[in-house]
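Notes follow once the structure below has been shown.
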Amino acid sequence: MPSHFHAVVWIDHSQAKIFHLGLNGSDEVTLHPQLATRHLHHKANEIGSGHAAPDKTFYTDVTKALADAGEVLIIGPASAKTELASHIRAHAPDIAKRIVAVEAADHPSDNEIVAYAKRHFKLPLPRVQAPG
């Protein structure tokens, strides 16, 4: 088993933070979409939803970063997390089998993402030494 068996992805439409977790610590990769994220506004009597299409290249890059993970947790606000999970299921069924959950998470800090994933995967949390 590799030293970083578990992975957590926090994703929105502007970035993906990927943490590979194991007993020996964690590694982080941050990816950004190639297309600039734009806020689209829906106008009355116009065709379309007013939402930008998912950036497939971005989701492919995130999928590649998860290739060696044994278990994957995907978290984030809005729809990017479910779009990523759908992309993985459609284009990387071997990785899709390793997705253990897709959950909502607002905008936590990096430390909060890692702590959340460690609780989810039941990995030991770091011990805090009492002052003294």
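The values are calculated or read from the model by the stated rules, or taken from the named source; none is laboratory data. Being a predicted model, the structure only gives us computed values, none of them experimental. A quick note on method: Cβ atoms are made from the backbone with ideal geometry, for glycine too, and the neighbour counts reach across all protein chains shown. Ligands, DNA and RNA are stripped out before the accessible areas are found, and what is left, the full protein with its side chains, is counted by its heavy atoms. Shrake-Rupley method; radii C 1.70, N 1.55, O 1.52, S 1.80 Å.
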Enumeration of residues in segment 105-122 that are of a type in the set (D, E, K, R) and surrounded by 17 or more Cβ atoms within 10 Å (Cβ to Cβ): 118
Qualifying position, being at pLDDT 95 or above, touching a Pro at 6+ places or on another chain (Cβ under 9 Å) and among the charged types (D, E, K, R), among 68, 61: 61
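Quick one: which residue in 91, 39, 32 is under 16 Å from residue 16 (Cβ atoms), at pLDDT below 95, open to solvent by 30 Å² or more (accessible area, probe 1.4 Å) and not aliphatic (A, V, I, L, M)?
One residue alone meets the criteria, 32.
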Matching residues, segment 63-88, being surrounded by 16 or more Cβ atoms within 10 Å (Cβ to Cβ) and hydroxyl-bearing (Ser, Thr, Tyr): 63
